[in-house]
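Notes for the one structure printed next.
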Amino acid sequence: MNSMELKVNPSSMGHFRSLGDVAGVSVLLIAGVIAAGAPHAEEAAAPPLSEETEACIVCHEAVSPGIVEDWRRSHHAGTTPSEALAVPALERHVSAESVPPHLAGVAVGCYECHSLNPEAHADNFDHFDYRINVVVSPPDCATCHPEETKEYARSKKAHAVGNLEKNPIYSLLVATNIGVKEVRDGEFLAHAPSQAAKMDACFGCHGTHVEVEGTREVETDLGTIEVPALTNWPSQGVGRLNPDGSMGACTACHPRHGFSIATARKPATCGQCHLEPDVPALNVYKESKHGNMYSSEGGKWNWDAVPWKVGTDFKAPSCAACHVSLLTGPDGKDVVAPQTHDFGARLWVRVFGLPYSHPQPRHGDTSVIRNADDLPLPTTFAGVPASEEFLLTEEEQAARKAVMQGVCKSCHSTQWTEGHFAKMDRTVEDTDRMTLAATKLLQEAWARGLADPENPFDENIEVLWVKQWVFYASSTRYASAMSGPDYAAFKNGWFELTHNLQRMKDFLKFAPAEEPEPEPEKKGKGKKGGRKKR
């Protein structure tokens with residue numbers, strides 16, 4: 001839309017009406033149907049729709065009715081941007097100070113989102129005389145949500161694709177694990193992973209490159225239409241690379257087309273990716289006291305409130321309460337923690353070891369990190385963190401820790417809170433020591449020729465080493481941070497940390513002894529024994 005004036009083409013409307021009649025829908029009834037389905041319709045009339053969005057609905061109510069009904073129950077359908085801007089600052093769902101005049105007075109409908117920034121979108125195309133984009137990207141959402149977009153853009157989530165692809169060590173780990181293996185003529189062969197495997201596995205959460213490769217034909221009730229042919233689609237990974245060059249997918253947390261705050265705040269949304277064995281946040285949460293309260297009482301909580309009032313709207317935190325949401329006291333006035341869409345902004349330590357815990361990165365693009373060994377890792381193999389050029393200073397860590405402690409203190413005493421954080425600090429230190437022990441055993445295996453360090457992820461003792469930090473140390477730390485004791489003890493916790501270390505030790509203990517290697521015969525002398533490196 002922006003600078004273009006787009007009107008309904010009369011001939012196209014004939015097609016729309018035809019399809020609407022087939023589906024039992026009349027253009028004249030659209031406004032009434034929407035009013036009936038919009039939130040709080042009994043209290044206030046539904047906001048007006050743009051002419052373009054009305055045309056979209058006539059078709060899509062027959063073609064994709066679930067999408068239309070989902071949207072009708074959304075905040076977008078139930079209010080206009082001008083109404084959203086009129087509420088008190090702490091209660092706003094938008095962060096913009098103003099919106100373009102042609103958007104201000106109509107509901108946020110199909111066309112209002114799918115027509116923005118057409119000059120940037122390689123996926124922009126002519127659709128029944130309207131120019132629309134297939135993929136709605138963060139810069140489009142920034143029309144009403146600029147601060148959220150800026151915060152997300154600097155997060156690790158937004159950079160999730162590049163953080164894998166631009167880091168040769170992580171890329172090797174991905175390729176080693178999800179590439180097809182086969183045995184041929186007694187040889188074990190490893191192949192590069194297919195794009196389908198990437199989309200199903202690591203890049204399902206991290207996101208994919210969505211690009212336009214020409215067009216494709218689609219058969220509809222209105223005849224054959226041409227639409228952009230998208231690569232690596234569908235994709236809703238958090239760092240998805242979009243056809244307009246932007247990074248991220250707001251729908252990873254706010255699923256289309258309802259874009260619900262309540263859905264984004266509930267633990268199951270984070271649990272799409274944050275699951276055991278590597279990032280067991282949801283699993284630990286479920287067995288914690290907070291998770292127990294959520295499962296027992298969460299159906300009664302107010303998940304839509306802005307701001308989110310501690311003790312009034314909810315009684316125990318979800319992931320969003322600790323990491324994202326604008327929290328206030330029970331009266332809705334005193335701010336406990338400001339909203340952020342940089343999901344690491346309240347974190348000081350990164351408990352997901354690579355291979356050790358470390359201060360949080362300074363920026364979401366972790367591919368730029370170089371440690372003292374000039375490797376693209378936040379720590380050395382000995383556990384020494386990279387410099388403050390890449391990781392937070394002690395002062396910055398303390399400031400972030402204080403914010404998180406403030407969230408805890410809104411329900412817990414100072415002594416309880418400080419005791420919890422002191423326990424967690426010690427657990428982080430202890431699990432790093434267990435990873436260091438495993439690293440020393442791996443280095444011994446390399447030195448003895450029992451494994452090849454060229455690929456540190458493909459041989460048995462190397463796999464055990466990876467499990468030590470990516471599964472067991474991480475699980476133990478998450479359990480300590482979120483109070484899930486079984487995950488700290490038996491379920492991928494200390495029991496497995498210890499057992500895994502013993503397996504590595506036994507591998508070295510029972511490895512075959514090095515065989516003698518005969519030396520070349522010398523004239524007039526017999527062979528002399530030597531040592532053969534495995």
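Data for the structure
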item: Charge tally in the Cβ shell below 11 Å around Gly109, where Lys, Arg are +1 and Asp, Glu are -1, Gly109 excluded; result: -3
item: Hull volume in cubic angstrom per residue (convex hull over the Cα atoms of the stretch 112-202); result: 139 Å³
item: Whether the stretch 456-507 is rounded, prolate or oblate, judged on the alpha carbon gyration tensor where a/c under 1.5 counts as rounded; result: oblate
item: Rg/Rh for the stretch 228-346, where both radii come from Cα atoms and Rh is the Kirkwood radius; result: 1.01
item: Stretchable slack from Trp446 to Ile225, in nm (0.36 nm times residue separation minus alpha-carbon distance); result: 73.6 nm
item: Loop sites in the stretch 289-349: trypsin sites (Lys or Arg not before Pro), DSSP, at most 11 other Cβ within 10 Å; result: Lys333
item: In Å, descending, principal axis extents of the Cα set of the stretch 325-372; result: 49, 18, 13
item: Isolated Cys in the chain, by beta carbon distance under 4.7 Å; result: Cys59, Cys113, Cys141, Cys144, Cys202, Cys250, Cys253, Cys322, Cys408, Cys411
item: Phi to ³J(HN,Hα) by Karplus 6.51 cos²θ - 1.76 cosθ + 1.60 over the stretch 278-284, Hz, x for Gly, Pro; result: 8, 10, x, 4, 5, 4, 5
item: Sulfur and carbon atoms: percent of accessible area, the stretch 450-496 [1.4 Å]; result: 59 percent
item: Accessible area per residue in Å² at 1.4 Å probe, computed on the chain; result: 50 Å²
item: Computed accessible area, His341, all protein chains, 1.4 angstrom probe, square angstrom; result: 40 Å²
item: The stretch 264-391, accessible surface, carbon-and-sulfur percent (1.4 angstrom probe); result: 54 percent
item: Efficiency of FRET between Asp129 and Arg370 - r from beta-carbon atoms, R0 56 angstrom, step 0.05; result: 0.60
item: Share of alpha-carbon pairs per 10 Å distance bin for the stretch 293-426, given as whole %; result: 12, 35, 29, 17, 6, 0
item: Accessible surface of the stretch 76-187, 1.4 Å probe, proportion on carbon and sulfur as whole %; result: 58 percent
item: Heavy-atom accessible area order for Phe352, Phe457, largest first, 1.4 Å probe; result: Phe352, Phe457
item: Quotient of Cα Rg and 2.2 N^0.38 Å for the chain, N being how many residues it contains; result: 1.17
item: Rounded to the nearest 10 Å², the accessible area of Met199 at probe 1.4 Å; result: 50 Å²
item: Out-of-range pairs (alpha-carbon distance over 21 Å; input Lys166/Lys491; Lys157/Lys440; Lys157/Lys423; Lys289/Lys315; Lys156/Lys491; Lys156/Lys333); result: Lys166/Lys491; Lys157/Lys440; Lys157/Lys423; Lys156/Lys491; Lys156/Lys333
item: Equivalent ellipsoid semi-axes - Cα gyration tensor, the stretch 162-261, angstrom; result: 31, 20, 12
item: The chain: relative contact order as a whole-number percent, Cα under 8 Å and 6+ apart; result: 10 percent
item: Hz values of 3J(HN,Hα) by residue in the stretch 80-89 - Karplus curve (6.51, -1.76, 1.60), Gly and Pro given as x; result: 10, x, 5, 5, 5, 6, 7, 7, x, 3
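The values are calculated or read from the model by the stated rules, or taken from the named source; none is laboratory data. Owing to the predicted nature of the structure, the values given are computational and were not obtained by experimental measurement. Because the Cβ atoms are built from the backbone with ideal geometry, glycine has one as well, and the counts that use them run over all protein chains shown. Areas reflect the complete protein model, heavy atoms only, side chains present, ligands, DNA and RNA absent. Shrake-Rupley method; radii C 1.70, N 1.55, O 1.52, S 1.80 Å.
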